[in-house]
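Below is one structure; the comments refer to it alone.
The values are calculated or read from the model by the stated rules, or taken from the named source; none is laboratory data. Worth saying up front: this structure is predicted, and the values here are computed from it rather than measured. In this analysis, Cβ positions are derived from the backbone assuming ideal geometry, glycine residues included, and neighbour counts consider all displayed protein chains.
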Amino acid sequence: MCNKVGGEPGECFDVNGDSNSEETRRWHAMSAPYRRELQARDLFEAAGLEYFLPMRYILVTLPGGKKKRELRPAVPSLIFVKGTRKELQTLKDQKGIVQYLCRPEGERNVPIIVPDVQMNAFRKAIENSLNNFIYFRPGELNLSLGKRVRIIGGALNGCEGTFMKVKGARSRRLVIMLEGLGAVAAEVSPDFIELI
């Protein structure tokens, strides 16, 4: 079973079908049940797999009215893990905490694999935005309204994306899209922007 991007469970293709991709470590988008993202992270960490769980600080009100900043998952249920299909399928079958996020392809659903270049840019945008990034679900942004750019300096050096005005931000931002998963908008100095 896998979860379609819309959240509905559906049958996934046979993950053991492609022998070439079985031995290649790739970034997979996975889904963990709500509020079990940290358990999924611990599972991948214990297995020695590289993972990325987008996190951000939020203000939480404790009993008694006291407020405290807590680090929590920024995107509910979403976690990325780099591994072979065989490694991930073994963990998925043993623990049952995670599901593949899938996209429709013809009459079947296939797990979403994120290219390394996109994953690195996505991670940089989140990790270097000091809790000041905005996440958008698929379809919330019209990227044709912006300009394709490359960043040539600073923390996001080498990242490519769309420079545009987004809802919820005063200034234009660099938007990095993960096909079928959404986008992240990060602040970037106009001095570092090169049109492509």
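Counting only residues that are surrounded by 12 or more Cβ atoms within 10 Å (Cβ to Cβ) and among the polar types (S, T, N, Q), which one in region 99-155 is farthest from the chain's Cα centre (by Cα)?
Asn109
Counting only residues that are within 15 Å of Val117 (Cβ to Cβ) and among the acidic types (Asp, Glu), which one in region 156-190 is farthest from the chain's Cα centre (by Cα)?
Looking at residues that are within 15 Å of Val117 (Cβ to Cβ) and among the acidic types (Asp, Glu), I get Glu160.
Kindly list the number of the only condition in (1) surrounded by 15 or more Cβ atoms within 10 Å (Cβ to Cβ); (2) under 20 Å from Tyr51 (Cβ atoms); (3) without any contact (Cβ under 8 Å) to a residue 24 or more places away in the chain that fails for Leu91.
Unmet for Leu91, out of (1) surrounded by 15 or more Cβ atoms within 10 Å (Cβ to Cβ); (2) under 20 Å from Tyr51 (Cβ atoms); (3) without any contact (Cβ under 8 Å) to a residue 24 or more places away in the chain: (3).
Taking only region 32-83 into account, find how many residues are without any contact (Cβ under 8 Å) to a residue 40 or more places away in the chain, buried (at least 19 other Cβ atoms within 10 Å of the Cβ) and at positive phi.
Counting residues in region 32-83 that are without any contact (Cβ under 8 Å) to a residue 40 or more places away in the chain, buried (at least 19 other Cβ atoms within 10 Å of the Cβ) and at positive phi gives 0.
From the list Gly161, Gly182, pick out the single residue that is touching a Pro at 6+ places or on another chain (Cβ under 8 Å) and surrounded by 13 or more Cβ atoms within 10 Å (Cβ to Cβ).
On the way: Gly161 fails: touching a Pro at 6+ places or on another chain (Cβ under 8 Å).
Matching residue, one of Gly161, Gly182: Gly182.
One residue is enough: does region 93-108 have a residue meeting the conditions under 21 Å from Met177 (Cα atoms) and touching a helix residue (DSSP H, G or I) at 6+ places or on another chain (Cβ under 9 Å)? Steps first, answer last, please.
Just the residues of region 93-108 that are under 21 Å from Met177 (Cα atoms), to begin with: 100-105.
If we keep only those that are touching a helix residue (DSSP H, G or I) at 6+ places or on another chain (Cβ under 9 Å) as well, we get 100.
Yes: one or more hits.
Could you list all residues from region 88-145 that are hydroxyl-bearing (Ser, Thr, Tyr) and at pLDDT 90 or above? Spell out how you get there, then give the answer.
First pass over region 88-145, keeping only residues hydroxyl-bearing (Ser, Thr, Tyr): 90, 100, 129, 135, 144.
Matches in region 88-145: Thr90, Tyr100, Tyr135, Ser144.
Can you run down the residue pairs with Cβ atoms below 7 Å, 6 or more apart or on separate chains, where the first is in region 139-152 and on the phi < 0 side of the Ramachandran plot and in the same structural domain as Lys165 (by TED's automatic domain parsing) and the partner is surrounded by 10 or more Cβ atoms within 10 Å (Cβ to Cβ) and aromatic (Phe, Trp, Tyr)?
Matching pairs, first to second residue: Gly146/Phe163; Lys147/Phe163; Val149/Phe163; Ile151/Phe192; Ile152/Phe192.
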